[in-house]
Amino acid sequence: MLLQQHPNATPSERRKILVIGRPDGITDVLADYAIQLSERLEADLFVVAILDGAGNDDTGVYPTVDRAIAKETLHVFKQRAAKKNIRCNDAIWEGNMEKAAEFLLQTVKRTVFVLTDSEYTKNQLSEDITIPVFSISTTYNMEGATMARESKEQRKKDLSKTIGYGLLSACLYGLVFWKTDTVMHYFTKGGFYAALPVATVLVFSFAHGAFASSLWSLIGIKPMKKDALQPADSKTIGQTKKLQKRPRAYAYINPFHKI
Amino acid sequence: MDATQFIDLNIVSVSFLFFVGFIGGLVSGFIGSGGAFVLTPGMMSLGVPGTVAVASNMCHKFPKAMVGAFKRFKYGQVDIKLGLYMAASAGVGVQLGIQLQHFILNKWGAVGSDLYVSLSFVAILLVVGSYVLYDAMKSSASGGQENVSSIAQKLQSIHLPPMIHFKRANITISFWFTVPVGLATGMLAATIAVGGFVGVPGMIYVMGVSSIIASASELVIAFVMGLAGSVNWAMHGMVDIRLVLIILGGSLLGVQLGAIGTTYVKESMIKVVMSVLMLMVAVSRLFALPKYLDQLNIMAFGKSSIAILEKISFVFMCLALLVAAGIILGGMWKARKPAMALQESFSQV
């Protein structure tokens, strides 16, 4: 099977996934996804933090603090990978991202694709490299922390909403089925009594609908954002095709055929 | 209204209705309609008369459609203007359908009504389902890409005033071409409560709307005409609120899951689910026909044969439910695991 690594493959011969993060942190989503994927594909990881201007003023000097954060970020990432027995190398690139991508793909052999944060590098990378770039959409806080806290708060909110609307819904059901004979008597009278079943289902749909919505959210079933995982657009594919086009030799019997 | 028309409920029937409501809701949230597709025969298999089944089904349908439409509107999939235009002509169709249903009920009684409902199911589901399946397979072969049908292209090019532009659906078409689709949707909805199985393919193949917008906008139509139909049925005292609320309990959970599911899968998946369900339930209802034919003395079948055929019909319906749930939830699961898709693409390198 093509996916299997050769058992005797040297580190340079092993397939790699290039993970490009931010200098101020690699999101949990990106880290988890990259580690999970490398485990499945039996590929190594090469994680890079790019200092392409975060904290870089006109002088072109990269403050030490950014480098320190990047080092820490990479260290944490490598530790997580090591726990899963995944080989992981790292690097910090100081400078322009296009050059970083070009250089890394030349240096890091057998890179199969690039994983990154969608809002950060996707478009720039797509223009410069010819291997697939996959972007992971994350809810990233520019202050350096992921939205984990917010997600916890959301979870609490979902839980309280689920319980609240669940109780309301249960009470409404109890009310109807407690006096079912009386309810059926009036609700099937017809005429103006038609308003009763119609109004009842509307009230139920509000209470039970809100309960259902918060329940799915609580379980973690939420709508997928369209850019959650996108192969880097047609530009990359176009470039790849262009590069793959080989020159052809034409032999003409009649040298004046074009005249 | 005779009180004996309302069945006694037990734990089995309640669980069954809740489960069918959930699956029906899941399907409706995903393909815009289809809850009634399994619910009407489902209720009828519990002994609920056809008219009460249709009335109760319609009464659960409009709040479910409202919740589904709201969800999908949030995902940018609903063309409200399209939904309202279609609902207006479908409203007329609903009234026509109700008159037809009353006429049949008065002329041939409850058995005649059941036969009519089942025959309508089989005929429409077989014809439309086969075409949608054919188109879905064609789309899948071309990588899931949808093409506007030649009929829709031709109709869009005819400038018969008033021309209407639907922004979200991104089409401009004459009002007069929207009317037949709406009328057919309404008539079918009033009689068998599954107008969407004409409405959604109608919007896709006659008007040229994409399947994701068509299925989402169908929920707006379902809400408007479901509300109108429910008021009408309730005025005749035919709505069994107990059945409605039990089904609603499951379907409101299902419809939201189905709506979320549309954000996970390719558009052609909507057609696949729709066609597979339509054909499977058509086969299921086909097995139920001999019973009504026998009761109306049109054809004679032995009691044991009818019992076996009824069991086969029920198994097929359950299978349709499981297949529907399987395709939708499987599609969602697969999309949640993009690594698998990626792995597949690499294995092909």
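Considering amide H positions built from the backbone, and no H for Pro or chain starts, which residues 5 or more places from B:Ile171, or on another chain, come under 5 Å of its amide H?
When sequence neighbours closer than 5 places are left aside, the close amide H contacts are B:Phe166.
Which FRET efficiency value, to the nearest 0.05, do you get for B:Ser305 and A:Tyr193 by plugging their Cβ-Cβ distance into 1/(1 + (r/R0)^6) with R0 = 45 Å? Show your work: numbers first, answer last.
On the way: r = 43 Å, r/R0 = 0.96.
Using R0 = 45 Å, I get an efficiency of 0.55.
Leaving out ligands, DNA and RNA but keeping every protein chain, what accessible area does B:Leu279 have, in Å² rounded to the nearest 10, with a 1.4 Å probe?
Probe radius 1.4 Å; accessible area of B:Leu279 about 40 Å².
Taking amide H positions as placed in the peptide plane 1.01 Å from N, state which residues far from B:Asp79 in sequence (5 or more) or on other chains have amide H under 5 Å from it.
Counting only residues 5 or more places away or on other chains, the set is B:Ser217.
Across peptide B:65-78, how many C-beta atoms of other chains are within 10 Å of each residue C-beta, on average?
Going residue by residue through B:65-78 and averaging, the value is 2.
Hey, quick one: spin label on A:Ala170, modelled 7 Å out along Cα-Cβ, who in the range A:199-226 has an amide N within reach, i.e. under 15 Å?
Label zone hits: A:208, A:211-212, A:215.
For B:Trp233, A:Trp93, A:Trp216, give the ranking by accessible area with the largest first, probe 1.4 Å.
Most to least solvent-accessible, the answer reads A:Trp93, A:Trp216, B:Trp233.
Heavy atoms of the protein only, probe of 1.4 Å, neighbouring chains included. What is the accessible area of B:Arg168 in Å², nearest 10?
B:Arg168 exposes around 130 Å² with every protein chain in place.
Can you work out the Karplus-derived ³J(HN,Hα) for every residue in the range B:154-159? Use 6.51 cos²θ - 1.76 cosθ + 1.60 with θ = phi - 60°, whole Hz, and x for glycine or proline.
Result, ordered by residue: 5, 5, 5, 7, 7, 8 Hz.
Computed on protein heavy atoms with a 1.4 Å probe, what is the summed buried accessible area for the chain pair B and A, in Å² to the nearest 100? Let's see the in-between values first.
Numbers: alone 14940 and 17470 Å², together 28730 Å².
That pair hides around 3700 Å² of surface in total.
Compute the angle between helix B:211-235 and the longest alpha-carbon principal axis of chain B, please, reported from 0 to 90 degrees and rounded to the nearest 10.
Once rounded, one gets 30 degrees.
Could you tell me the relative contact order of the range B:12-335? Use alpha-carbon pairs under 8 Å, at least six residues apart, and round to a whole percent.
35 percent
Taking each residue of B:253-261 in turn, how many C-beta atoms of other protein chains fall within 10 Å of its C-beta, and what is the average?
4
What full-extension length gain, to one decimal in nm, is calculated for A:Tyr186 and A:Glu39 as 0.36 nm per residue of separation minus the Cα-Cα distance? Numbers along the way, then the final one.
Details: separation 147, 0.36 × 147 = 52.92 nm, distance 6.30 nm.
The span from A:Tyr186 to A:Glu39 would gain 46.6 nm if fully extended.
Once you sort the root eigenvalues of the Cα gyration tensor of the range B:111-184 as a ≥ b ≥ c, which label holds: rounded (a/c under 1.5), prolate (a/b larger than b/c) or oblate (the other case)? Don't skip to the end; give the middle numbers.
Values: a/c = 3.14, a/b = 1.33, b/c = 2.36.
Verdict is oblate for the range B:111-184.
For the range A:170-181, in order, what is each residue's ³J(HN,Hα) by Karplus, 6.51 cos²θ - 1.76 cosθ + 1.60 with θ = phi - 60°, in whole Hz (x at glycine and Pro)?
Here the 3J(HN,Hα) series is 4, 4, 5, 4, x, 4, 6, 7, 6, 10, 4, 5 Hz.
On a 0 to 90 degree scale, rounded to 10, what angle separates helix B:80-141 from the longest Cα axis of chain B?
Value to nearest ten degrees: 20.
Is the C-alpha gyration tensor of the range B:162-304 telling us rounded, prolate or oblate? Criteria: a/c under 1.5 is rounded; beyond that, a/b larger than b/c is prolate, otherwise oblate.
Verdict is prolate for the range B:162-304.
Angle check, please: helix B:338-347 long axis (alpha carbons) against the longest principal axis of chain B (alpha carbons), in degrees 0 to 90, nearest 10.
60 degrees
Order these peptides, B:104-112, A:108-116, A:171-179, by their mean beta-carbon neighbour count within 10 angstrom, highest first.
The densest-packed peptide leads the list: A:108-116, B:104-112, A:171-179.
Taking amide H positions as placed in the peptide plane 1.01 Å from N, state which residues far from B:Asp240 in sequence (5 or more) or on other chains have amide H under 5 Å from it.
For B:Asp240, the qualifying residues are B:Ser56.
Hey, got the average number of other protein chain Cβ atoms within 10 angstrom for residues in A:161-168?
Going residue by residue through A:161-168 and averaging, the value is 0.
The values are calculated or read from the model by the stated rules, or taken from the named source; none is laboratory data. No experiment lies behind these values; they were computed from the predicted model shown. Reconstructed Cβ throughout: ideal geometry from the backbone, glycine too, with neighbour counts over all protein chains shown. With ligands, DNA and RNA removed, areas are computed over all heavy atoms of the protein, side chains included. Shrake-Rupley method; radii C 1.70, N 1.55, O 1.52, S 1.80 Å.
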